[in-house]
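This report refers to the structure that appears directly beneath it.
The values are calculated or read from the model by the stated rules, or taken from the named source; none is laboratory data. Small disclaimer: the values here were computed from a predicted structure and weren't measured. Positions of Cβ are backbone-derived with ideal geometry, glycine not excepted, and every protein chain shown enters the neighbour counts.
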Amino acid sequence: MVATRYLLGVSTRRVDELVEQLGITGISKSQVSQMSKTLDAQVEEFRTRTLAGGPYTFLRLDALTQKVREGGRIVNVHVLVATAVNANGQREILGLEVSSREDGAGWLAFLRSLVARGLSGVQLVTSDAHAGLVDAVGACLPGAAWQRCRTHYVRNLLTTVPKNAQPWVATLVRTIFDQDSAEAVRVQHAWVIDALEAKYPAACRHLDESREDLLAFAAFPVEVWRQIWSNNPQERLNKEIRRRTDVVGIFPDRAAIIQLVGAVLAEQTDEWSEVRRYIGLDILAKA
């Protein structure tokens, strides 16, 4: 019961009140953590399971920070998370890892571990422009294209123009994604570059240099564009993780992070397996 309440995001104080109602006198945060270790076996099984649901055509990668005590200090570590669409058209969380840095070495080790467990058939990886991630994708997933998250990209692009011009530039860039064919997407991208060239040359260069990374989605069926051109679904997953981890605040060690986040992700994967397909099998077959 205590472990379940912990996973649901119930604070230690509220768990303490709950157990007192059951006749138990008090419970500390460390005791809650100890009791929650009953979940360790299930989490480890989830994290190390064979990835037999492939091919995993569309893969999303993202990371979020958590605070942990290490060496007598409180430091930030990065939780790397991989989510994919499996052969049944449903979303599946493939794994997580805790890394000291969100860099090429961390992503490379994480992707290699996923491949070793059976990750295959990836055609497109969607993510933000994390340092070293694109190189890691190229090394571990040869042949997979990279889609730069359009939401994060637009935020980065807007830093190149004055604040009063940002709404107009953002609206202009979004028209690229309002097209109904790959050819129209590229034509509109070129038109937007021309429209920006005179007044905002820095934004023009930024958009031109990011052409292939930003438009990778257009090589796939138009029916899946909204599901693959941004990392917004991953961001929503991150919010749910943070809702649970904010209860803890500062983790005592990395194992505790894996314990809680892993249990949350396993629970989410189970829920996704019971809902309708994220992408229809007929559409997935055309990808």
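For Q123, work out the one condition from (1) in contact with a helix residue (DSSP H, G or I) (Cβ under 7 Å, 6 or more places away or on another chain); (2) touching a residue at least 60 places away in the same chain (Cβ under 8 Å) it doesn't fulfil.
Among (1) in contact with a helix residue (DSSP H, G or I) (Cβ under 7 Å, 6 or more places away or on another chain); (2) touching a residue at least 60 places away in the same chain (Cβ under 8 Å), Q123 violates only (1).
Can you tell me which residues in the stretch 226-241 are over 19 Å from V85 (Cα atoms) and either surrounded by 15 or more Cβ atoms within 10 Å (Cβ to Cβ) or in contact with an Asp or Glu (Cβ under 6 Å, 6 or more places away or on another chain) (or both)? Walk me through how you get there before you give the answer.
Step one: filter the stretch 226-241 for residues over 19 Å from V85 (Cα atoms), giving 239-241.
Once the filter is applied, which keeps residues that are over 19 Å from V85 (Cα atoms) and either surrounded by 15 or more Cβ atoms within 10 Å (Cβ to Cβ) or in contact with an Asp or Glu (Cβ under 6 Å, 6 or more places away or on another chain) (or both), the stretch 226-241 yields only I241.
Assuming E92 fulfils every condition listed in (1) assigned by TED's automatic domain parsing to the domain that holds R244; (2) over 13 Å from the mean Cα position of the chain (by Cα) apart from one, which condition is it?
The failed condition is (2).
On the given criteria, is L124 closer than 28 Å to R276 by Cβ, in the same structural domain as L260 (by TED's automatic domain parsing), at pLDDT 95 or above and buried (at least 19 other Cβ atoms within 10 Å of the Cβ)? Steps first, please.
Numbers: closer than 28 Å to R276 by Cβ: yes; in the same structural domain as L260 (by TED's automatic domain parsing): yes; at pLDDT 95 or above: yes; buried (at least 19 other Cβ atoms within 10 Å of the Cβ): yes.
Yes, satisfied.
Which residues, taken from the stretch 93-138, are assigned to a helix (DSSP H, G or I), farther than 23 Å from N156 by Cα and among the charged types (D, E, K, R)?
R112, R117
What tally of residues in the stretch 143-157 results from selecting those that are basic (K, R), touching a residue at least 12 places away in the same chain (Cβ under 8 Å) and out of contact with any Asp or Glu (no Cβ under 8 Å at 6 or more places or on another chain)?
Applying the first criterion (basic (K, R)) to the stretch 143-157 yields 148, 150, 155.
Filter once more, so that each one left must be touching a residue at least 12 places away in the same chain (Cβ under 8 Å): 148, 150.
Checking which are out of contact with any Asp or Glu (no Cβ under 8 Å at 6 or more places or on another chain) leaves us with 150.
Residues in the stretch 143-157 being basic (K, R), touching a residue at least 12 places away in the same chain (Cβ under 8 Å) and out of contact with any Asp or Glu (no Cβ under 8 Å at 6 or more places or on another chain): 1 in total.
Taking the options A216, A203, A198, A190, name whichever one is small (G, A, S), more than 30 Å from Y56 (Cβ to Cβ) and under 28 Å from the mean Cα position of the chain (by Cα). Before you say what the answer is, go through the steps one by one.
Values: A216 fails: more than 30 Å from Y56 (Cβ to Cβ); A198 fails: under 28 Å from the mean Cα position of the chain (by Cα); A190 fails: under 28 Å from the mean Cα position of the chain (by Cα).
Answer to the check: A203.
Answer yes or no as to whether R117 is over 18 Å from the mean Cα position of the chain (by Cα), within 26 Å of L281 (Cα to Cα) and charged (D, E, K, R). Working first, answer last.
On the way: over 18 Å from the mean Cα position of the chain (by Cα): yes; within 26 Å of L281 (Cα to Cα): yes; charged (D, E, K, R): yes.
Answer is yes for this residue.
When you check A219 against the structure, is it surrounded by 18 or more Cβ atoms within 10 Å (Cβ to Cβ) and touching a residue at least 40 places away in the same chain (Cβ under 8 Å), yes or no? First the steps, then the outcome.
Numbers: surrounded by 18 or more Cβ atoms within 10 Å (Cβ to Cβ): no; touching a residue at least 40 places away in the same chain (Cβ under 8 Å): yes.
Spelling it out, it is not the case that A219 is surrounded by 18 or more Cβ atoms within 10 Å (Cβ to Cβ) and touching a residue at least 40 places away in the same chain (Cβ under 8 Å).
So, in the stretch 76-88, of the ones that are farther than 30 Å from R276 by Cα and touching a residue at least 24 places away in the same chain (Cβ under 8 Å), which residue ends up nearest to the chain's Cα centre (by Cα)?
Going through the stretch 76-88, the residues farther than 30 Å from R276 by Cα turn out to be 76-78.
Then keep just the ones that are touching a residue at least 24 places away in the same chain (Cβ under 8 Å); that gives 77-78.
Values: V77: 16, H78: 12 Å.
Checking each candidate, the answer is H78.
Residue-wise test of (1) of a type in the set (D, E); (2) surrounded by fewer than 18 Cβ atoms within 10 Å (Cβ to Cβ); (3) in the same structural domain as D213 (by TED's automatic domain parsing); (4) without any contact (Cβ under 8 Å) to a residue 60 or more places away in the chain.
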| residue | (1), (2), (3), (4) |
| --- | --- |
| A131 | no, yes, no, yes |
| D135 | yes, yes, no, yes |
| L141 | no, no, no, no |
| T159 | no, yes, yes, yes |
| K163 | no, yes, yes, yes |
| W168 | no, yes, yes, yes |
| F177 | no, no, yes, yes |
| A182 | no, yes, yes, yes |
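List the residue pairs whose Cβ atoms are under 7 Å apart, where the first residue sits in the stretch 272-287 and is over 17 Å from P233 (Cα atoms) and in contact (Cβ under 8 Å) with a residue 40 or more places away in the chain, the second is of a type in the set (A, V, I, L, M) and surrounded by 10 or more Cβ atoms within 10 Å (Cβ to Cβ), and the two are 6 or more positions apart or on different chains.
Every condition considered, the pairs that remain are I283/V224; A287/V224.
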